[in-house]
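S.K.: One structure coming up, written as structure tokens, with questions to follow.
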Amino acid sequence: MRRALAFGWLFLLAACSNQGLNPIVAGAIDEVNPLGGAEAPAGPTRTITRDAITRADTATIRARLLEDETPTYLFGAAENGGFVTYASGLRQTLTLRGAQITASRGLGHDLLSAVSSDPDPLKRAIPPTSWPQGVTRSYEFPAWAAQGRIETFACRFEFGPVRDIEILDVHHRGIEVTEVLLERRAQF
Amino acid sequence: MPTVAIGFRDFLGTGVYSGEYLVATKEVYPGVKLTGGVGWGRFAGENTVDNPICTVVDGACDRDNDFGEGGKLSYDTWFRGENVGFFGGVEWLTPVDGLSVKLEYSSDAYKREQQSPRAEFDPESRVNVGVEYRLRDGITLGGYYMYGSEIGFNIAVSGNPKRPITPQDLGSGPLPVNARPADAPRGTGWASNPEAERQLATALAETLDAEGIRLDEARFTGDTVDVVIENQRFNQDPRAIGRTTRVLAAGMPASVETFRITMLEDSIPVTTVEVDRSTFEGQVDRPNAGGRSWETTGLSGAAPSLGPGAVPVESYPKLDWSVAPAPFLVLLTPGDPIRFGLNLDGTATAYATRTLSSTVQVSQPVAGTFSDPGPSDSELPAVRSDTPRYFSGKNMKLARLTGDYVTKASGDIYMRASAGYLERQFAGIGGEVLWKPVDQSWGLGADINYVRQREFDTLFGLEDYDVVTGHASLYWDTGFMGLEAQVDAGRYLAGDWGSTFTLTRRFPNGWAFGAYFTLTDVTEDDFGEGSFDKGVSVSIPFRWTVPFETNSRNTLSLTSVSRDGGARLDIRNRLYPTVRDLDRNRLERNWGSFWQ
């Protein structure tokens, strides 16, 4: 028997063509800097401040992966039937319905869509005294089909203490509420 | 209960290493596993007892070790022989995470290795020891001391095709889009202004280019826009279709109600996807949009061109070129068991039009070069058994120099004509036709070629041997577990007639495992070692290994020794592999990515 094997892709990284570098290298560069060097803002990175957001007059949210220390700022970019999509400078996107995240792209594993039972205080603000005992949430994740893979979780609300938090120089006071899965362990 | 396994070794080769075994493993103490087994054939060399099967099956004591040319299932020798041997071992999973120590007793006597008068191998010990360290999931390093005299090392890389080795997707998201305002002007006057159409096409091309999608041409009417695109970035074509739809939704005048997106593969318009804009706007960002959009999206075989009124974006003639290092590794060639090295490959394709092109590919050996091994001793015309000669030496090789015309006769019929130096070993002229409707799970194809063998030591010289070769082909996507069957019947390079049977499992993420065998009127003796041609292949998408989008892939082949029976021309741009991924079945399997 003879085995003809093809070869370490690291070598391919050295390839080039009339379309530029090897597609893998180009892809990596595009992901890290999708705007390209010519359009990238010069000078040190600006710090997002409350004043800047106020001046921009654009809905802004801050998000980060659990394992990341630095948050990403995403700005309102589209609204479709109550679903608002926020996009970052690197074209990561989050879609929210009210305060419920219903989709994400480029922030960890993609979430295609999400639905929940009514009433859901994340979808529509409800005074804490009127919250239901729990909520059922269904998440759609990518699958090898037209329809994604649906995972459903039943959760109950646990009310904690009143807390003060500060988001970009603005203080907020509220009740801390935790959602606890009823049936199985999961993290998302 | 212990874990039990039954195994067969060298059951399809020459039989030199053949053996069968029954083995059991049990964890007898936390972190300590004991393994014990009984074996036949090579496993029955030492520490043996009489084969118990002999007492109940006539002739089970006889084990014929003459396998002829090999390459066939040697089931008539399984579990036979006068004796069976016992072997065993112990594995200790040490407190160091990922580190294990192994010790084994081997019952292989290595008699064959000592039969030759020149043999020097004489194992001093039946006990072997080893250490393995799991560097990370899927990568294990090993070191071994064997036979009481030898040391060895290995690296084992493993993975699950369904589970990418990168933990998460760091790619950019799609363009956010809004539905058109109800009061948006819906006039269509813009569509009769050539300058407006040209500016629109240019803007579309620039926006799509940022997505890794090339716009070839576009056509605008008041309520419909047709675009012809080539996906240059995404591993899943529906993702490129979805991104294009979003760009059109964001940039087209409000009067445009229908998007028709035609996908190019290797410059061939394959499939046209029709999206109703209002329906799309009602689905974007909503739950379960993948399934709903698949039900409302139209698919059809693409027309050969957009016809009159199209705005060309890509200008012809144009030149594409690339230069890439090409390391190679060839194992188990008789007389040269391991060979590795590096070539530098350069390819240039000049397109006169989208359908007419000329390609030249050269390969310069850089490292690992070897001398001409001389002609083969094949009984057949040496159409493949001289393959090493075509890779020998330090001179630059002309791997390909062809003129190609690839087009469609209709939405379902594809055609290709090629002439020139078609591959390293043959030059000539040939043509191919494929009938493959988008909505159909099967297709038919045929190719015919007249070729002459090339000289192995010159760039352009030709040998005297010539042949007419070609095949009729049936392709069928079974719809079961991603299995795809292919049957090719016809005349092969050595003038032999027969058929090739191929079964491939294709995963939606781009992985593919295939196996094939070829039966022709060449006798086993004339074919030589292996008896008949067969092999397996694995295709791995790079997207599986990196956390961002790329549609690059690599294909690994494990084939028989290059022999002359059942050999086919190595044509780079065969039609079915080019258009395969854009039919209804395959698009549906990946359609969820339309919204990614």
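S.K.: Being part of a strand (DSSP E or B) and at pLDDT below 90 is the requirement here; does A:E183 meet it?
M.R.: Considered against the rule, which asks whether it is part of a strand (DSSP E or B) and at pLDDT below 90, A:E183 comes out as no.
S.K.: Of (1) farther than 22 Å from B:G431 by Cα; (2) surrounded by fewer than 16 Cβ atoms within 10 Å (Cβ to Cβ); (3) within 14 Å of chain A (Cβ to nearest Cβ), B:L483 satisfies all except one. Which?
M.R.: (3)
S.K.: Going residue by residue through the stretch B:289-312, is there one that turns out to be touching a residue at least 60 places away in the same chain (Cβ under 8 Å), surrounded by fewer than 23 Cβ atoms within 10 Å (Cβ to Cβ), hydroxyl-bearing (S, T, Y) and closer than 30 Å to B:N554 by Cβ?
M.R.: No, because not a single residue in the stretch B:289-312 is touching a residue at least 60 places away in the same chain (Cβ under 8 Å), surrounded by fewer than 23 Cβ atoms within 10 Å (Cβ to Cβ), hydroxyl-bearing (S, T, Y) and closer than 30 Å to B:N554 by Cβ.
S.K.: Could I ask something else about it? Checking the conditions here, which among B:A218, B:A196, B:A249 is surrounded by 21 or more Cβ atoms within 10 Å (Cβ to Cβ) and outside any loop (DSSP other than H, G, I, E, B)?
M.R.: On inspection, the qualifying residue turns out to be B:A218.
S.K.: Looking only at residues that are surrounded by fewer than 19 Cβ atoms within 10 Å (Cβ to Cβ) and more than 14 Å from every other protein chain (Cβ to nearest Cβ) in the stretch B:202-215, which one is nearest to B:E314 (Cα to Cα)?
M.R.: B:T202
S.K.: Across the stretch B:364-390, what is the number of residues that are in a strand (DSSP E or B) and surrounded by fewer than 19 Cβ atoms within 10 Å (Cβ to Cβ)?
M.R.: Number of matching residues: 3.
S.K.: Out of all the residues in the stretch A:113-121, is one or more loosely packed, with under 14 Cβ neighbours inside 10 Å and more than 14 Å from chain B (Cβ to nearest Cβ)?
M.R.: Yes, the stretch A:113-121 has at least one match.
S.K.: Next question. What pairs come up if the first residue lies in the stretch A:127-146 and is within 7 Å of chain B (Cβ to nearest Cβ), the second is surrounded by 15 or more Cβ atoms within 10 Å (Cβ to Cβ) and among the basic types (K, R), and their beta carbons are under 6 Å apart, counting only those six or more places apart or on different chains?
M.R.: Close Cβ pairs satisfying both conditions: A:W144/B:R589.
S.K.: Please enumerate the residues belonging to the stretch B:541-551 that are surrounded by 18 or more Cβ atoms within 10 Å (Cβ to Cβ) and either modelled with pLDDT under 75 or part of a loop (DSSP other than H, G, I, E, B) (or both).
M.R.: Of everything in the stretch B:541-551, those that are surrounded by 18 or more Cβ atoms within 10 Å (Cβ to Cβ) and either modelled with pLDDT under 75 or part of a loop (DSSP other than H, G, I, E, B) (or both) turn out to be B:V546, B:F548, B:E549, B:T550, B:N551.
S.K.: Do the conditions hold for B:R553, that is, is it within 14 Å of chain A (Cβ to nearest Cβ) and either in contact with a Leu (Cβ under 9 Å, 6 or more places away or on another chain) or in contact (Cβ under 8 Å) with a residue 40 or more places away in the chain (or both)?
M.R.: yes
S.K.: May I ask you to list the residues in the stretch B:412-452 that are among the polar types (S, T, N, Q) and surrounded by fewer than 22 Cβ atoms within 10 Å (Cβ to Cβ)?
M.R.: Within the stretch B:412-452, B:Q440, B:S441 qualify.
S.K.: When only residues in the stretch A:124-164 that are charged (D, E, K, R) and over 21 Å from the mean Cα position of the chain (by Cα) count, which is nearest to A:A114 (Cα to Cα)?
M.R.: Looking at residues that are charged (D, E, K, R) and over 21 Å from the mean Cα position of the chain (by Cα), I get A:R156.
S.K.: Please verify whether B:S531 is touching a residue at least 12 places away in the same chain (Cβ under 8 Å), farther than 30 Å from A:T95 by Cα, in a strand (DSSP E or B) and more than 7 Å from chain A (Cβ to nearest Cβ), treating the condition exactly as stated.
M.R.: The answer is no for B:S531.
S.K.: Mind checking which residues of the stretch A:99-134 are under 24 Å from B:G171 (Cα atoms) and of a type in the set (S, T, N, Q)?
M.R.: Result: A:Q100, A:T102, A:S104, A:S113.
S.K.: For the stretch B:211-224, enumerate the residues that are modelled with pLDDT of 90 or more and not aromatic (F, W, Y).
M.R.: B:E211, B:G212, B:I213, B:R214, B:L215, B:D216, B:E217, B:A218, B:R219, B:T221, B:D223, B:T224
S.K.: Sticking with this one: Could you look through the stretch A:71-99, keep only residues that are assigned to a loop (DSSP other than H, G, I, E, B) and within 16 Å of B:R246 (Cα to Cα), and pick out the one that is farthest from the other protein chains (Cβ to nearest Cβ)?
M.R.: Applying the filter and picking the extreme gives A:Q92.
S.K.: Suppose the filter is more than 8 Å from chain A (Cβ to nearest Cβ), more than 30 Å from B:T262 (Cβ to Cβ) and out of contact with any helix residue (DSSP H, G or I) (no Cβ under 9 Å at 6 or more places or on another chain); does B:G565 pass it?
M.R.: no
S.K.: Going through B:T469, B:T545 one at a time, which residue ends up being away from chain A (no Cβ under 14 Å) and either more than 14 Å from the chain's Cα centre (by Cα) or in contact (Cβ under 8 Å) with a residue 40 or more places away in the chain (or both)?
M.R.: Criteria check complete, one pass: B:T469.
S.K.: Conditions: (1) surrounded by 17 or more Cβ atoms within 10 Å (Cβ to Cβ); (2) out of contact with any Phe, Trp or Tyr (no Cβ under 7 Å at 6 or more places or on another chain). B:G498 meets all but one. Number of the miss?
M.R.: Result: B:G498 fails condition (2) only.
S.K.: So B:L558 passes all but one of these: (1) in a strand (DSSP E or B); (2) modelled with pLDDT of 85 or more; (3) crowded, with 17+ Cβ neighbours inside 10 Å. Which condition number does it fail?
M.R.: Against the list (1) in a strand (DSSP E or B); (2) modelled with pLDDT of 85 or more; (3) crowded, with 17+ Cβ neighbours inside 10 Å, B:L558 comes up short only on (2).
S.K.: Check the stretch B:230-241 and report whether any residue there is assigned to a strand (DSSP E or B) and in contact with a Ser or Thr (Cβ under 6 Å, 6 or more places away or on another chain).
M.R.: Scanning the stretch B:230-241 turns up no residue that is assigned to a strand (DSSP E or B) and in contact with a Ser or Thr (Cβ under 6 Å, 6 or more places away or on another chain).
S.K.: Still on this structure, please answer the following. Hey, does the stretch B:489-507 have a residue that's within 14 Å of chain A (Cβ to nearest Cβ), under 30 Å from B:R243 (Cβ atoms), in a loop (DSSP other than H, G, I, E, B) and touching a residue at least 12 places away in the same chain (Cβ under 8 Å)?
M.R.: yes
S.K.: Of everything in the stretch B:155-183, what is surrounded by 11 or more Cβ atoms within 10 Å (Cβ to Cβ) and either hydroxyl-bearing (S, T, Y) or modelled with pLDDT of 90 or more (or both)? Give them in sequence order.
M.R.: Result: B:T166, B:S172, B:P174, B:L175, B:P176, B:V177, B:N178, B:A179, B:R180.
S.K.: Which residue, of B:V538, B:V522, is assigned to a strand (DSSP E or B), more than 21 Å from B:G443 (Cα to Cα) and either in contact with a helix residue (DSSP H, G or I) (Cβ under 7 Å, 6 or more places away or on another chain) or more than 9 Å from every other protein chain (Cβ to nearest Cβ) (or both)?
M.R.: Of B:V538, B:V522, the one residue that is assigned to a strand (DSSP E or B), more than 21 Å from B:G443 (Cα to Cα) and either in contact with a helix residue (DSSP H, G or I) (Cβ under 7 Å, 6 or more places away or on another chain) or more than 9 Å from every other protein chain (Cβ to nearest Cβ) (or both) is B:V538.
S.K.: Show the residue pairs that are 6+ apart or on different chains and have beta-carbon atoms under 9 Å apart, the first residue being within the stretch A:147-167 and assigned to a strand (DSSP E or B), the second being basic (K, R) and surrounded by fewer than 10 Cβ atoms within 10 Å (Cβ to Cβ).
M.R.: Partner pairs satisfying both residue conditions: A:F153/A:R184; A:V162/A:R173; A:R163/A:R173; A:D164/A:R173; A:I165/A:R173.
The values are calculated or read from the model by the stated rules, or taken from the named source; none is laboratory data. Predicted model, so just to flag it, every value in this text is computed and none were measured. Counting neighbours? That spans all protein chains shown, and the Cβs are built from the backbone with ideal geometry, glycine included.
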